[in-house]
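Step one of this worksheet: look at the structure below.
The values are calculated or read from the model by the stated rules, or taken from the named source; none is laboratory data. Because the structure is predicted, anything quoted here is derived from the model rather than measured. Ideal geometry is used to build each Cβ from the backbone, glycine not excepted, and the neighbour counts take in all protein chains shown. SASA here: full protein model, heavy atoms, side chains in, ligands and nucleic acids out. Shrake-Rupley method; radii C 1.70, N 1.55, O 1.52, S 1.80 Å.
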Amino acid sequence: MLKNYLTTILRQIKNNKVFSFINIFGLSLGMAACLVIFQYVNFHNSFDSFHGNADRIFRIESEAYKNGESLGQSINAPSMMGKTLKEQSTLVSETVRFFDYNYANNSIIYNDNGNKVNFEQPGVYVTDKGLFEMFDFNFIAGNSSRLDEPQTAVLTLKASKKYFDDPEKAIGSTFTLSGNNGAHQYELVGILEDLPSNSHIQFELLLSYPSIEHYTGSKNSWTSNNMITYLMAEDPAKSGEILDQINELHEENSKEAYAAAGFTIDYYLQPLSNIHLESGASFGFDGSVKSQTIWVLSLIAVVILVIAWINYMNLSLVRTMERLKEMGVRKCMGSSMKQITQLFILEALVMNLIAFGLAILLTQFAEKYLINVTGLPIDALLDMQILGLLIVLIAAGTILIGLYPYAILKSINIVNILVGQRGKVGGVKLRKALVLVQFMITFILISGTLTVYNQINYMREADLGIDIENILVIKSPPGDVGAENRQDVQRFSTLKTELLKYSGITQITNAGEIPGEAVSWGTNLRLKNESPENSTYSGLVSMDLDFPQFFGIDKIAGRELREGDSPWYKGETVINQKLAENLGFPNPEDALGAELEGFYGPVPLKVVGVVENHHHTSLHDDYQPLAYILSSWTEFYFIKIRIDENANVTKGEQLDKMVASVRAEWNNIFTDYQMDYFFLDHAFDEQYKEDIRFGKIFTGFSTLAILIACLGLFGLTSFTIQQRTKEIGIRKVLGASMRNLMTLLSRDYMTLVGIACILSIPASYWIMTRWLENYTFSIQLGWWFIVLPILFIVGLALLSISSKVVSTVKTNPVDSLRTE
């Protein structure tokens, strides 16, 4: 019996190549899309799950308020909070603190038998020894037993390869960590396996916590929130009680100090498993993805698979109608409806399995592209857990779509079939309803794609208020700001002099901050003699004298900073319009001469100028209040390159030529340091990496869903034409034109498409309006939001329908009437 069924199924596939191809191809596209999206969703849902204690680990987070208004969420806590919890709470078994030391422009200098090795070192954090009791990060060599001693360090394998060939032999070696806070010797006590890609905690170098005294005076502070703090609960069910203890410690040790400055702090605990997707806090470890993105993509995956199944059902129905006599004969020869149903289910299974195999091949074939678009690691693209889930869905879909022809056949009189009378075929309303749903979804996907594209394009093309084009950025070598003889400052001056001799270089400056990254230095400023509770937070941009002019930051009041100004001894500073407003000066002119307390210098800051706001970070964020401070704290050198639009070479070739010239001068002056460079516009664009990735995934798979929906419409059109072949022939004989027949055959479906568009507009508008609320600066939904999707859908529908209608109408009516 099974052999007979399989023979029949394979014969049907062979004899109906076009319909079989459309069925299998549509299903395979749906399955491949589902496979990739489910992998993406599963990967991001798996973050931090590899830790054995994952369910017991929480991060202390907080939200600050001033005058009842939220100032944003933070993942930082006072250094004493973690220490005190561990010492006093019986509900907490371990705490771990991270101090982010990446602001200090770090380089590692290692002397390998007289061969000096020097590399910039990112990913530097100070931490507690308990890190390795709480988290499952594995050592390749050495251990953490001495990480509670001063001047000890741990490297990851990737970082260690820059300095050492053999990890085992590297243990016990000493190296110098040089930065803007000076140079200090460290002993290497351990090398870790490279951190898993699905870990939200990412670092390359860990320094022991007792070493922190070199870098901050807040080692035992209750009011300096600069520690990322994790705790491990004895019983995670008692996290509420632990939070009560945290609030009690805050009440006892820091609440009064914050209240005096006008701030209130609310603490909460974020479970480790939720951090990657649900933490709304800024700063900290990078790479988070919004949970809304995961839900949207999950929904698209389900929609694509459902549309593919619907199309299979509708396309299979076309073939079922052609096989009615075969089914009638089978029943007359003794086949039961159960056996006929088994045949349809087996046929659906074979088609699904072929489509499943093709989906895997498509995924493998496009592996490099998919990895680039989704950002998934290679080993995550074909996860067995997801393949298993897809197989379950295929089994369920096979049964569902296999029973659909059975329901149709059961409503038809077999005797009438055998004498040539098909009668009324059921399921018409259902099929039309499915088409309506498909094109409602299609409208939403098209309008969503347009909105996502326009929002991302708006953010990338918006006027930032600063010029970031054709700017070469070089990471500056470390320079000890406490040293009397600053070689790095002298070398930069020499570099600047030499480079400005080139006609292709127009300006050079340096700073401790860079557009595209949040300003890491800041303080609470208030007008002189004002109460601390009236203070407002401001970022502090340490910079060279010509930084504002270099970036084209326009002055709107007062003057610019000039030679002789000093924020440390005389107090001169320039602030932006946002800070002026926060200080109570809606008119920038009124802020001139204002004296601001709360800075780190011995005298108040004096406002000598106000500049326009600019987007220092992406358009996800509002304008940040900023004060510009003349300082020798430097992390970046900025070089503006002139592009000759009339040159015979491309812009890229001109940039490459200037980079080569800069590198030559660099190697002559900074002989001990490699030139680590990038272009500012590219770096700024990196802030939109996840938005661009979401846009590509959304657009790509929305296109697949639309394609599959069009295949379904083609199938239903084919079925309709098949049912009305004789009618078409008669109408042609009676003189009906091509236009008349096109209108007749497409009217019903075009009406459904029109209704789908009208019904979809409110839902689509609501969905995309909610999505745009995630952005501080967003586009306005205009006429294009409604008109373009309608035109696109109508065009696709007409194309899908007309491709079949035209071929049928061109058929000789004699051929359609000469039957039976």
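Observations, loosely collected:
- Pairwise FRET efficiency - LEU6 versus ASP463, Cβ, R0 = 60 Å, nearest 0.05: 0.35
- Computed on the chain, with alpha-carbon pairs under 8 angstrom and 6+ residues apart, the relative contact order is 15 percent.
- Nitroxide proxy distance, nm - points 7 Å out along Cα→Cβ at ASP546 and GLU149: 5.0
- Protection proxy ranking of 22-28, 612-618 - average other beta-carbon atoms within 10 Å, highest first: 22-28, 612-618
- Peptides 624-636, 170-182, 62-74 ranked from most to least packed give 624-636, 170-182, 62-74, packing being the mean of other C-beta atoms within 10 angstrom over each peptide's residues.
- For ALA557, distant residues with modelled amide H under 5 Å away: VAL610
- Long pairs among LYS657/LYS689; LYS83/LYS169; LYS169/LYS368, criterion Cα-Cα beyond 32 Å: LYS83/LYS169; LYS169/LYS368
- Inter-label distance for TYR600 and PHE139, nm, one decimal - labels placed 7 Å from Cα along Cα-to-Cβ: 3.5
- Using the Cβ-Cβ distance between GLN674 and ASP194 with R0 set to 22 Å, the FRET efficiency works out to roughly 0.50.
- Sorting the segments 765-772, 570-577 by their residues' average number of neighbouring beta-carbon atoms within 10 angstrom, most packed first, yields 570-577, 765-772.
- Estimated at 0.36 nm per residue, the fully extended path between VAL489 and MET750 surpasses their Cα-Cα distance by 86.8 nm.
- Under the Karplus curve 6.51 cos²θ - 1.76 cosθ + 1.60, θ = phi - 60°, whole-Hz ³J(HN,Hα) for segment 584-600, x wherever Gly or Pro sits: x, 10, x, 9, x, 4, 5, 7, 4, x, 5, 9, 10, 9, x, 7, 7
- Helices assigned as whole DSSP H runs in the chain whose Cα atoms extend at least 24 Å along their own long axis and whose mean Kyte-Doolittle hydropathy is -1.0 or higher are found at 17-45, 291-322, 337-365, 384-410, 428-461, 651-669, 689-723, 738-772, 784-809.
- Percent of beta bridges antiparallel (DSSP, the chain, rounded to nearest 5): 80
- For PHE50, the accessible area of its heavy atoms, probed at 1.4 Å with every protein chain present, is near 60 square angstrom.
- Accessible area of segment 62-163 divided out per residue, in Å², using a probe of 1.4 angstrom: 41
- Sites listed here are GluC sites (Glu not before Pro) in segment 163-213 whose DSSP assignment is loop and whose Cβ has at most 15 other Cβ atoms within 10 Å: GLU193.
- For the chain, the 222 nm mean residue ellipticity estimated from helices alone, with every DSSP H stretch of n ≥ 4 adding -39500 (n - 2.57) and the total spread over all residues, rounds to -16000 deg cm²/dmol.
- Cα→Cβ-extended label distance, 7 Å offset, between LEU389 and ASN667, nm: 5.1
- Pairs from the table (LYS129/LYS161; LYS528/LYS555; LYS116/LYS161) lying more than 21 angstrom apart at Cα are LYS129/LYS161; LYS528/LYS555.
- Trypsin sites (Lys or Arg not before Pro) lying in DSSP loop within segment 499-556, provided at most 10 other Cβ fall within 10 Å: LYS501
- Ignoring lysines fewer than eight residues from LYS432 along the same chain, the ones with Cα atoms less than 30 angstrom from its Cα are LYS14, LYS17, LYS325, LYS331, LYS338, LYS410, LYS424, LYS726, LYS732, LYS804, LYS810.
- Modelled FRET efficiency - R0 35 Å, GLN185 with ALA660, Cβ distances, 0.05 increments: 0.45
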